[in-house]
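Everything below concerns the one structure shown next.
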Amino acid sequence: FQNVRRTEYRGRPVDEVVFETRMARFKDRETIYSDAEHFFPLKVERDIHAWPNYETITEEYDQEAFVLTLTKRKGKQVETSRIEKKAPMHNAILLPYHVRLTGGIEPGWSMQVNLPTQSFRIKFVRVERVRVPAGEFEAYYFESEPKRFQIWLSADERRIPVKITGSGGIGYTLVMRDYQR
């Protein structure tokens, strides 16, 4: 994960984030453009190398109309689809950054999360110590209802995402190895 830079998209300031997943014979690089205030996604460009295949996916979000337009390209094939929701859509990768902007987090605090393919609540459960390769941190611990995601944010003014777990198709754990300003 790299919070690359502040840039512009369609004439407005956005944050550009790059997120890469690498495994044997698989690489997924996502460049995510989100609004600079709340981390709602505006555009996601994905390059997926799943040996021997290669495809690109572009996600265009209209956060005012609550519509996501997906365009998949694999070779000469192009497939477009739409997802419509009743509220702005979050991005799973950016979710910890959206949550960290929230003030006044107390035990029991929760918020509705609206991913393109699922909706759930995320709830602040407690403060606990968590150890990751970057060190040991006092952290705010959040979990989703139903329990699919867990997020730990440092319990200081920076609220750095130090650990994220998910129980999706393959399950995953992301841990902070290093932090640089």
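With the simple model of a label 7 Å out from the Cα in the direction of the Cβ, residue 26 to residue 47 spans 1.9 nm. Ordering 125, 173, 96 by Cα displacement along the dipole of the chain toward the positive end leaves 173 in first place; charges were set at the Cβ atoms of Lys, Arg (+1) and Asp, Glu (-1).
For the chain, adding -39500 (n - 2.57) for each run of n ≥ 4 DSSP H residues and dividing by the number of residues yields -500 deg cm²/dmol at 222 nm.
Quote the Stokes-Einstein diffusion coefficient, in whole µm² s⁻¹, for the chain, based on the Kirkwood radius over alpha carbon pairs, a temperature of 37 °C and a viscosity of 0.692 mPa s.
Details: Rh = 17.5 Å.
The estimated diffusion coefficient comes to 188 µm²/s.
Sorted largest first, the spans of the alpha carbon positions of region 71-144 along the three principal axes are 50, 33, 17 Å. With the full set of protein chains in place, find how many percent of the accessible area of region 2-49 is carbon and sulfur; take the probe as 1.4 Å. It is 43 percent, rounded to a whole number. Distances between placed amide hydrogens fall under 5 Å for residue 125 paired with 141, 142, 143, all partners being 5 or more residues away or on another chain. For the chain, the tally of Lys pairs with Cα-Cα distances below 18 Å comes to 7, considering only residues 8 or more apart or on different chains. Taking θ as phi - 60° and the Karplus parameters 6.51, -1.76 and 1.60, the scalar couplings of region 13-18 work out to x, 9, 9, 10, 10, 10 Hz in sequence order, x denoting glycine and proline. Take the alpha carbon gyration tensor of region 36-83, find the square roots of its eigenvalues, order them as a ≥ b ≥ c, and report rounded if a/c is under 1.5; if not, report prolate when a/b exceeds b/c, else oblate. The shape class here is oblate. Please compute the modelled spin-label separation between residue 77 and residue 147, points set 7 Å along Cα→Cβ, answer in nm with one decimal. Rounded to a tenth, the inter-label distance reads 3.9 nm.
A prolate overall shape is assigned to region 11-55, the ratio a/c of its alpha-carbon gyration tensor axes (a ≥ b ≥ c) being 1.5 or greater and a/b exceeding b/c. The H on the amide N of residue 160, modeled in the peptide plane, is under 5 Å from the matching H of 154, each at least 5 residues off or on a different chain.
Residues in region 121-134 carry Karplus couplings, in order, of 9, 10, 10, 7, 9, 5, 9, 8, 8, 9, 10, 9, x, 7 Hz; the curve used is 6.51 cos²θ - 1.76 cosθ + 1.60 with θ = phi - 60°, and Gly or Pro positions show x.
Would you mind getting the accessible area per residue of region 34-150, heavy atoms of the protein chains only, 1.4 Å probe, in Å²? Don't jump to the answer; show the numbers that get you there.
Numbers: 6430 Å² over 117 residues.
I get 55 Å² per residue for region 34-150.
Expressed in Å, the radius of gyration and Dmax of the Cα atoms of region 100-140 are 13.0, 34.
The values are calculated or read from the model by the stated rules, or taken from the named source; none is laboratory data. Quick caveat, the model's predicted, so the values are computed rather than measured. Note that each Cβ is placed from the backbone with ideal geometry, even for glycine, and that neighbours are counted across all protein chains shown. Keep in mind that these areas ignore ligands, DNA and RNA; they rest on the heavy atoms of the full protein, side chains included. Shrake-Rupley method; radii C 1.70, N 1.55, O 1.52, S 1.80 Å.
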